[in-house]
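> Quick one: structure below, then a few questions.
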Amino acid sequence: MGTDAFLIIIGLLVSNGLRHLVSALLKIRDSACGFSRDYSYEPTVSILLPCFNEGRAVYETIESICRSDYPKEKFEIVAIDDCSSDDSYDWIRKAQDDFSEVRIHSARNAQNCGKAESQSNALDMSTGDVILCIDSDAIFAPDAIRELTACVADRKIGAVGGAVGVRNLNKNIFTVCQALIYAENFHFLKVFENWTQSVICLSGCMLAVRRDLFVKIQPRIAARHFFGLKVKDGEDRFLTHMVQLEGYGTVINPRARCLTNVPDNLPTLWNQQIRWQRSGIRDFCFTLRTLHDHIWRLPPNPILLYGLIFPTLAAMISIFLMFVNPLLLVCVAPFWVGFYFVMAAVYDLLTRRYLPEQRIANPIRLFSLAAFSVWIVAGRLIELCALCTLDSTSWMTRQRDPGPAAKDTPPGSTAGRFTR
Amino acid sequence: MMNKLILFIYHISGTILLYGVLVWTLWFCGKLLFYVCNDSWIVPTVITQEDPGVLDLAQKVVTTRQALDALRLDALKNKEAMDEMRAHRLQLSRLYPKLVAAIGTEAFANSDNGNRLSALDARAIAKNEKLAQAIEEANGVATQIDEDLSVGLITKSDAAVKREQIAQGSTSALESEINEVLLQDQILQKTTTGTQTLDVLDKRAELRSQIDTLDISIAAADRQLKADNFQIGQLKEALTLLDNTPYAAVLNGARNFAFVPYVDGTIEPGTPIFACYAEFVICRRVGEIARVYSDEEREQNPISIPLLSTTIRGVIARMNLRDPSAAKSQTLFLHRAPFFF
């Protein structure tokens with residue numbers, strides 16, 4: 001058993017190390033991430049903003065969009081309040097009044113029906129050639145819309161996402177850890193998927209898609225169900241997947257940046273991770289169900305790799321670890337601690353130079369990144385919880401308290417906000 | 001309807017599984033805490049005669065006993081040979097002084113007799129010279145006899161008598177010369193180192209050599225005997241050690257043993273053993289410790305977290321179990337039930 005455990009640890013470290021190495025090589029070779037951008041292309045853009053209990057944060061979101069350098073006449077904001085129990089709708093209306101130079105449409109659902117349906121309602125009210133789906137607690141860089149539309153100029157690209165950063169990164173250990181993971185994924189690991197223009201999950205926080213494609217796919221998003229029970233989450237992953245099945249590429253433009261508030265306490269983070277894992281399991285099942293489409297339409301396609309082979313291997317390892325010898329999970333953790341220590345050092349180095357808005361103010365907190373290694377254990381429990389709660393329709397992570405954007409940000413720091 | 005049923009079953013299954021994991025986790029953590037706090041647990045183990053350790057021990061015992069027997073035989077042979085050599089050496093050592101004394105006496109006598117014979121030889125030489133002179137004179141007489149006979153001064157019978165007298169004198173002179181030569185030879189033998197003396201000296205040297213050779217052989221045999229006896233002692237100790245291992249007890253019919261961590265410092269023969277349901281609750285007395293072996297053992301800790309504390313140190317104890325099934329429990333407890341029931 002000791003040898004098995006050692007081999008598993010070595011395997012995990014080597015595979016993870018190789019993934020990072022390949023990504024680093026690709027990033028060094030082409031910082032533009034392997035696809036062209038045409039900044040002269042300026043289609044009309046509809047920004048869909050479903051909102052639920054965001055309070056003042058939704059105003060800040062609209063404000064950040066309105067400060068975009070994209071021509072004001074070429075984009076519109078469609079904000080839909082999903083029957084918030086707070087004053088979110090009032091903030092939307094206030095933004096509508098304050099930023100009159102931008103077309104802002106607002107509406108309220110008759111009843112609370114979730115993000116996906118709110119998005120669908122917003123789509124009905126939109127007119128733009130490119131649909132930009134965003135989260136209602138995100139702050140966008142002024143050039144974010146331009147960076148996204150520049151990618152859509154390529155007819156082969158169906159959907160494009162941006163690099164999501166953490167807005168409240170200096171709040172506590174949870175936000176610090178997530179800042180590292182977000183940066184690692186959006187600026188590093190996704191490069192590997194960008195290489196083949198087939199990113200498997202564009203974050204719903206900032207996702208631009210061609211209108212015709214979105215209109216075509218939206219009914220399928222709305223029609224998703226789990227044995228008759230309507231599925232309300234994971235629409236971003238499903239949308240990305242469907243765009244690829246339609247024969248278009250999906251990419252992430254790391255220059256299109258936005259910041260979002262991430263869970264700052266364990267219960268919220270736990271629920272968010274379960275929700276994400278749940279959408280991953282659904283996507284895996286969808287991949288299995290439509291395997292023939294994947295094989296004939298998308299060879300060789302990373303979806304098979306990331307959507308089928310990797311999850312299967314991960315599941316097998318998880319089952320092995322959990323049921324054969326659960327204590328092995330604890331064995332792996334020390335190696336992960338070392339891994340994340342290195343990651344923390346690299347993160348600090350890179351954010352100082354390239355991502356000042358994601359720099360962690362207190363260097364001592366960097367060491368707390370190593371605490372994220374416990375996720376090797378927690379992740380397995382999350383997988384199990386997600387697997388057992390696929391019938392859940394709860395969002396679970398919408399907070400009533402939107403919180404200040406960067407409560408812990410020291411004076412003069414650029415962390416948690418964009419600078420020109 | 002079918003979807004609802006599937007959802008219902010899925011929901012129930014998922015809930016049961018999640019709560020099962022939760023309960024299992026709590027149980028596991030509770031168990032871990034219990035074993036960390038409790039210091040009276042032991043890990044039972046059943047060792048049969050087919051156990052590789054037992055087979056290995058049996059083989060070692062046989063090999064050791066064979067070696068011991070062979071050494072004992074060698075030692076016995078060595079001792080007998082040494083005794084024989086010592087007896088032989090004793091005989092030779094008694095003979096040697098006699099030989100040396102005889103050689104000395106003989107040399108002294110030869111020297112004395114040689115001097116006396118030399119004196120006699122000088123007299124014999126003088127006598128022989130006189131005889132030679134008398135023979136020359138007798139030869140002249142013989143001529144005179146012939147002349148006297150031819151002229152008829154004497155008769156033939158007188159001449160014959162006179163000639164016989166002259167011949168007898170010659171013969172006496174000759175014998176006297178021969179005796180003198182023989183005397184000289186004897187003197188030579190007495191006064192010089194001859195081959196006979198050398199033979200005797202050779203025998204003396206040979207005797208001395210035999211004694212020395214025997215001394216060396218006896219010393220070598222003595223050393224070999226001591227080495228054999230030392231090895232015999234070591235093998236006996238090894239056999240005693242082997243007899244004191246749990247595996248030796250298995251060879252004698254014992255089966256039930258337990259690994260006792262060092263945390264329990266009060267274990268001794270007669271300490272009561274308890275077995276429990278659900279690992280550590282509802283316990284009953286199942287036997288007692290029969291013997292505690294002194295050798296340290298290292299075992300995989302059944303409750304520790306891998307990589308943090310994989311092995312623990314302790315000793316092996318033999319158990320007398322009234323309930324043999326208790327030997328199959330994951331842990332047993334000494335002294336008393338962990339929770340007093």
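> Go through region B:176-196 residue by residue and tally those that are in contact (Cβ under 8 Å) with a residue 12 or more places away in the chain and within 56 Å of the chain's Cα centre (by Cα).
Of region B:176-196, the ones in contact (Cβ under 8 Å) with a residue 12 or more places away in the chain are B:176-177, B:179-180, B:183-184, B:186-187, B:189-191.
In the following step, the residues that additionally are within 56 Å of the chain's Cα centre (by Cα) were identified as B:189-191.
So the answer is 3.
> Being part of a helix (DSSP H, G or I), free of Cβ contacts under 8 Å to residues at least 60 places away in the same chain and either within 14 Å of another protein chain (Cβ to nearest Cβ) or in contact with a Ser or Thr (Cβ under 9 Å, 6 or more places away or on another chain) (or both) is the filter here; which residues of region A:228-267 pass it? If you could, list the steps in order and put the result at the bottom.
As a first pass, look at region A:228-267 and keep what is part of a helix (DSSP H, G or I): A:235-245, A:266-267.
If we keep only those that are free of Cβ contacts under 8 Å to residues at least 60 places away in the same chain as well, we get A:237-238, A:242, A:245, A:267.
Answer for region A:228-267, where residues must be part of a helix (DSSP H, G or I), free of Cβ contacts under 8 Å to residues at least 60 places away in the same chain and either within 14 Å of another protein chain (Cβ to nearest Cβ) or in contact with a Ser or Thr (Cβ under 9 Å, 6 or more places away or on another chain) (or both): A:Arg237, A:Phe238, A:Leu245.
> Name every residue in region B:41-70 that is in contact (Cβ under 8 Å) with a residue 24 or more places away in the chain and either over 21 Å from B:Ile316 (Cα atoms) or open to solvent by 60 Å² or more (accessible area, probe 1.4 Å) (or both), in order of residue number.
Taking region B:41-70 first, the residues in contact (Cβ under 8 Å) with a residue 24 or more places away in the chain are B:41-49, B:51, B:53-54, B:56-58, B:60-61, B:64-65, B:67-68.
If the condition is that a residue be in contact (Cβ under 8 Å) with a residue 24 or more places away in the chain and either over 21 Å from B:Ile316 (Cα atoms) or open to solvent by 60 Å² or more (accessible area, probe 1.4 Å) (or both), then B:Gln49, B:Asp56, B:Lys60, B:Thr64, B:Arg65, B:Ala67, B:Leu68 are the ones that fit.
> Of all the residues that make up region B:172-185, how many are more than 12 Å from B:Asn128 (Cα to Cα) and out of contact with any helix residue (DSSP H, G or I) (no Cβ under 8 Å at 6 or more places or on another chain)? Spell out how you get there, then give the answer.
Let us first name the residues in region B:172-185 that are more than 12 Å from B:Asn128 (Cα to Cα), namely B:182-185.
Still in the running and out of contact with any helix residue (DSSP H, G or I) (no Cβ under 8 Å at 6 or more places or on another chain): B:182, B:185.
Of the residues in that region, 2 qualify.
> Assuming A:Val130 fulfils every condition listed in (1) open to solvent by 10 Å² or more (accessible area, probe 1.4 Å); (2) modelled with pLDDT of 90 or more apart from one, which condition is it?
(1)
> Considering region B:193-206 alone, what residues qualify as being at pLDDT 90 or above and open to solvent by less than 80 Å² (accessible area, probe 1.4 Å)?
B:Ala205 - this is the single residue of region B:193-206 that is at pLDDT 90 or above and open to solvent by less than 80 Å² (accessible area, probe 1.4 Å).
> Of B:Leu95, B:Leu5, which residue is of a type outside the set (Asp, Glu), over 30 Å from B:Leu201 (Cβ atoms), over 27 Å from the mean Cα position of the chain (by Cα) and open to solvent by 70 Å² or more (accessible area, probe 1.4 Å)? Let's see the steps before the verdict.
Numbers: B:Leu95 fails: over 30 Å from B:Leu201 (Cβ atoms).
Of B:Leu95, B:Leu5, the one residue that is of a type outside the set (Asp, Glu), over 30 Å from B:Leu201 (Cβ atoms), over 27 Å from the mean Cα position of the chain (by Cα) and open to solvent by 70 Å² or more (accessible area, probe 1.4 Å) is B:Leu5.
> Now, a different point. Is it the case that some residue within region A:185-199 is free of Cβ contacts under 8 Å to residues at least 24 places away in the same chain and more than 28 Å from A:Val78 (Cα to Cα)?
Here is the first cut: in region A:185-199, the residues free of Cβ contacts under 8 Å to residues at least 24 places away in the same chain are A:185.
The next check asks that each one be more than 28 Å from A:Val78 (Cα to Cα); those that pass are A:185.
The answer is yes, given that some residue of region A:185-199 is free of Cβ contacts under 8 Å to residues at least 24 places away in the same chain and more than 28 Å from A:Val78 (Cα to Cα).
> Determine, yes or no, whether B:Asn38 is over 30 Å from B:Asp212 (Cβ atoms), at pLDDT below 90 and open to solvent by 60 Å² or more (accessible area, probe 1.4 Å).
Values: over 30 Å from B:Asp212 (Cβ atoms): yes; at pLDDT below 90: yes; open to solvent by 60 Å² or more (accessible area, probe 1.4 Å): no.
The answer is no for B:Asn38.
> Moving on to the next point. Report, by residue number, each residue of region A:22-36 that is open to solvent by less than 50 Å² (accessible area, probe 1.4 Å) and at pLDDT below 70.
Across region A:22-36, the qualifying residues are A:Asp30, A:Ala32, A:Cys33, A:Gly34.
> Another one. Could you look through region B:48-93, keep only residues that are part of a helix (DSSP H, G or I) and hydroxyl-bearing (Ser, Thr, Tyr), and pick out the one that is farthest from B:Leu225 (Cα to Cα)?
Ranking the candidates gives B:Ser93 first.
> Given the conditions (1) away from chain A (no Cβ under 14 Å); (2) exposed (fewer than 12 other Cβ atoms within 10 Å of the Cβ), which single one is not true for B:Tyr19?
(1)
> Out of B:Leu5, B:Leu33, report the one residue that is aliphatic (A, V, I, L, M), in a helix (DSSP H, G or I) and either over 30 Å from A:Cys385 (Cα atoms) or within 14 Å of chain A (Cβ to nearest Cβ) (or both). Spell out the reasoning first.
Details: B:Leu33 fails: either over 30 Å from A:Cys385 (Cα atoms) or within 14 Å of chain A (Cβ to nearest Cβ) (or both).
Answer to the check: B:Leu5.
> State all residues of region B:321-335 that are assigned to a loop (DSSP other than H, G, I, E, B) and touching a Phe, Trp or Tyr at 6+ places or on another chain (Cβ under 7 Å); if no residue qualifies, say none.
The answer is B:Thr331, and nothing else.
> A:Ala183 passes all but one of (1) under 30 Å from A:Arg29 (Cβ atoms); (2) surrounded by fewer than 22 Cβ atoms within 10 Å (Cβ to Cβ); which number fails?
It is condition (2) that A:Ala183 fails.
> Please report, ordered by residue number, the helices (runs of 4 or more DSSP H) entirely within region A:121-216 with at least 1 residues that are within 19 Å of A:Ile104 (Cα to Cα) and not β-branched (Val, Ile, Thr).
On the way: elements: A:144-152, A:173-184, A:190-195.
Output list reads A:144-152.
The values are calculated or read from the model by the stated rules, or taken from the named source; none is laboratory data. Nothing here was measured: the structure is a model prediction, and the numbers come from that model. Here Cβ is always computed from backbone atoms with ideal geometry, including for glycine, and neighbour counts include all displayed protein chains. For accessibility, only protein heavy atoms count, side chains too; no ligands or nucleic acids. Shrake-Rupley method; radii C 1.70, N 1.55, O 1.52, S 1.80 Å.
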